[in-house]
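Every number in this text was worked out from the coordinates using simple rules, so none of it is lab data. What you see is a predicted model; the values in this text were computed from it and never measured. Cβ coordinates were reconstructed from backbone atoms using ideal geometry, including for glycine residues, and neighbour counts include every protein chain displayed.
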Amino acid sequence: YGRKRDGFVIPEVSLAFLLAIGAAIIAREAIRLRSVPPGIVTDNVLTLHLTPRTLAGDYYSIEQRVAALSGVRGAGLTQLVPLQNWGWNADFRVLGRPMASRALAGLRYVTPGYFRAMGIRVVRGRGFTDFDDEGAPRVIVVNEALVRRYLPDEDPIGVDLDRGTIVGVIRDVRQAGLNRPAEPEIFYPAAQNVTAASDIGMSLIVHTEGLPEALIGQIRAAVREVNPR
């Protein structure tokens, strides 16, 4: 009986050793990921998902009302919140020139205040404004990853894609996770694509100076004034 019992000890010790190695690897990876810059602000940020099928004007009114509250540093809306491991990818092409390979980018719909609310820096050109509406020329903002991959040797500002004219380039954001590099992305102003933008609703992003309970109540009240649903 003693020999049989000893025979069980060795596998148990081996299993414990493997588990210890696995835990060490996971801990080391967690520490490494904490040092990876996500490209966005993460402190004092609130999110609130809004009902789908809202008019573009309502999204913009909500953004303006919330941004005007005392204690709010920035407010904006996006269809997909960063670090969500899903989204839409689609082909695109640069007008007037052949592409050496298939060009693919993630598509995102945002309001003008979104980049500021998330602390996403515009590194070239400009972000969106309230004038980028349905009656204005179609414009887009792209990220640095798209420029590096598809427009590496030229100034991207003013380049026409089949999805709009590039007016700005933003710093890369790790949209799908801290363990994955930034992929090429195209951002649309929500007012020019309200049907697509409101398909699944929009998420309000609010960057605050702190998170007092009173401010949270004021944000909800500002939203309900425009969108009571």
Long-range amide H partners of Val139, meaning residues 5 or more apart or on another chain whose placed amide H is closer than 5 Å, are Thr165
For Leu161, the residues 5 or more places away or on another chain with a placed amide H closer than 5 Å to its own amide H are Leu95, Ile166
Taking every other residue with Cβ under 13 Å from the Cβ of Ala222 and scoring Lys and Arg +1, Asp and Glu -1, one gets 0
So, over other residues within a Cβ distance under 9 Å of Ile170, counting Lys, Arg +1 and Asp, Glu -1, the net charge is 0
Amide H neighbours of Ser203 at under 5 Å, excluding residues fewer than 5 places away on the same chain, with H built from the backbone geometry, are Leu50, Thr78, Gln79
The base-10 log of I(q)/I(0) that the Debye equation returns for region 112-176 at q = 0.21, 0.23 Å⁻¹, one scatterer per C-alpha, is -0.89, -1.04
For 102-110, 214-222, ranked highest to lowest by mean beta-carbon neighbours within 10 Å, the order is 102-110, 214-222
Computed Rg/Rh for region 53-189 (Cα atoms; Rh = Kirkwood radius) stands at 0.97
Checking rank on 163-173, 128-138, with mean other Cβ inside 10 Å and highest first, the result is 163-173, 128-138
